[in-house]
Amino acid sequence: MVSSLAPQKAAGTQPSIRSKRRAIWGNIWKFKTLYLLSLPGILFFLVFKYVPLLGIVIAFKDYNLFKGVTDSPWAGLKHFQRMFEHYEFVDILTNTLLIAFYDMIFAFPAPIILALLLNELRKVIFKRTLQTVIYMPHFLSWAVIAGIMIEILSPSGGLINRIIEMLGFESRYWLGEESYIRSILVGSGIWRDAGYGTIIYLAALAGINPSLYEAAEMDGANRWKQTLYITLPALLPTITILFLLQIGNFLDFGFERVYVFLNPLNSANADILDTYIYRVGLVEMQYSYTTAVGVFKSVVGLILIVVANQLSKKATGNSLY
């Protein structure tokens, strides 16, 4: 009985597999234009994100540049142990966490607030002009941004110090005092990227049904209540997704963003994991050790985004996956 049913089951399974394959290839052919458009992005992630993952093995070896990855001797968890025992690592990790936390608190809400303010403007020409002006800093490199900020904060002739002197106070060397460098890093990031970040939020605001505002206005709701009970709930899914994406990059503040402002006077509060990896890994050629630091960053980011995604799914119903 069993032997007589087995061939029928196998015969029925094979056509189903073939039909699924035909359906998959049929969908690919049907949407071939979209797949071709996405091909550069797929290749980018393959070449620059997934292929470099093979280099993680260096963190578990005593990598020798001349022996190569395969012939270098295994070291186990030696470099991870050294990372946590190194006297500089705790201070650098603290700097990274504090700067990333300040950036989350002050820089993340900035595009939301800016988009809400722009959405209230009624003169289209003024609104478009203002949008263009606040978008422009995003297209400047961090080297240019740093040059502008250094000139503005210059102790001799800088705009900020001139205003301070006009008010009767003494000028300061802002970039030479470690107590100000974190504020400068976060503030320059807000100036550069807040305007560009409003694009997504303005697109989400454009999708809100105007009849909701009309009904609320007829019920006596002012602009503040309309924002509180209509606009912000409509923006919540977008805010949640972008917040989760930023959580995943919590320790990845950016090498070039900090390095252009770094000097011996402020490095105690500004040296982060990215600049530490550059200094120790590339300059001092300690490749295995700094690869271990990079793996630590990636693992922490993965844990943060998984935990935050689960909390967001339970609290708001919105998540990345």
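The values are calculated or read from the model by the stated rules, or taken from the named source; none is laboratory data. Owing to the predicted nature of the structure, the values given are computational and were not obtained by experimental measurement. Backbone-built Cβ (ideal geometry, glycine too); neighbour counts: all protein chains shown.
What to note about this one:
- Qualifying residue in region 309-319 (condition: surrounded by 20 or more Cβ atoms within 10 Å (Cβ to Cβ) and touching a residue at least 60 places away in the same chain (Cβ under 8 Å)): no
- Taking region 82-99 as the range and being part of a helix (DSSP H, G or I), of a type outside the set (Asp, Glu) and in contact with a helix residue (DSSP H, G or I) (Cβ under 9 Å, 6 or more places away or on another chain) as the test, the residues that pass are ARG82, MET83, PHE84, PHE89, VAL90, ILE92, LEU93, ASN95, THR96, LEU98, ILE99.
- Failed condition for ALA270, given (1) of a type in the set (Gly, Ala, Ser); (2) touching a residue at least 60 places away in the same chain (Cβ under 8 Å); (3) surrounded by fewer than 18 Cβ atoms within 10 Å (Cβ to Cβ); (4) within 19 Å of ILE105 (Cβ to Cβ): (3)
- Tallying residues that are of a type in the set (Val, Ile, Thr) and closer than 19 Å to SER298 by Cβ within region 241-257 yields 1.
- GLU151 being exposed (fewer than 13 other Cβ atoms within 10 Å of the Cβ), touching a residue at least 24 places away in the same chain (Cβ under 8 Å), farther than 30 Å from PHE250 by Cβ and out of contact with any Asp or Glu (no Cβ under 8 Å at 6 or more places or on another chain): no
- For SER179: the one exception among (1) of a type outside the set (Phe, Trp, Tyr); (2) surrounded by 12 or more Cβ atoms within 10 Å (Cβ to Cβ); (3) outside any helix (DSSP H, G or I): (2)
- Single residue of region 45-82 satisfying the filter (exposed (fewer than 12 other Cβ atoms within 10 Å of the Cβ) and among the charged types (D, E, K, R)) that is modelled with the highest pLDDT: ASP71
- Selection of region 162-176 for residues being in a loop (DSSP other than H, G, I, E, B) and either without any contact (Cβ under 8 Å) to a residue 12 or more places away in the chain or exposed (fewer than 11 other Cβ atoms within 10 Å of the Cβ) (or both) yields LEU167, GLY168, PHE169, GLU170.
- Unique match (being in contact with a Gly (Cβ under 7 Å, 6 or more places away or on another chain) and either of a type outside the set (Gly, Ala, Ser) or free of Cβ contacts under 8 Å to residues at least 40 places away in the same chain (or both)) among ILE277, ILE247: ILE277
- Checking each residue in region 83-113 for being crowded, with 16+ Cβ neighbours inside 10 Å and either under 18 Å from VAL280 (Cα atoms) or over 19 Å from the mean Cα position of the chain (by Cα) (or both) picks out MET83, PHE89, ILE92, LEU93, ASN95, THR96.
- Scan region 223-235 for residues that are surrounded by 14 or more Cβ atoms within 10 Å (Cβ to Cβ) and closer than 24 Å to LYS314 by Cβ and the total you get is 2.
- Only one of the numbered conditions (1) surrounded by fewer than 15 Cβ atoms within 10 Å (Cβ to Cβ); (2) more than 15 Å from the chain's Cα centre (by Cα); (3) closer than 23 Å to ASN95 by Cβ is not met by LEU245, and that is (2).
- Qualifying residue in region 277-293 (condition: surrounded by 16 or more Cβ atoms within 10 Å (Cβ to Cβ) and within 18 Å of the chain's Cα centre (by Cα)): no
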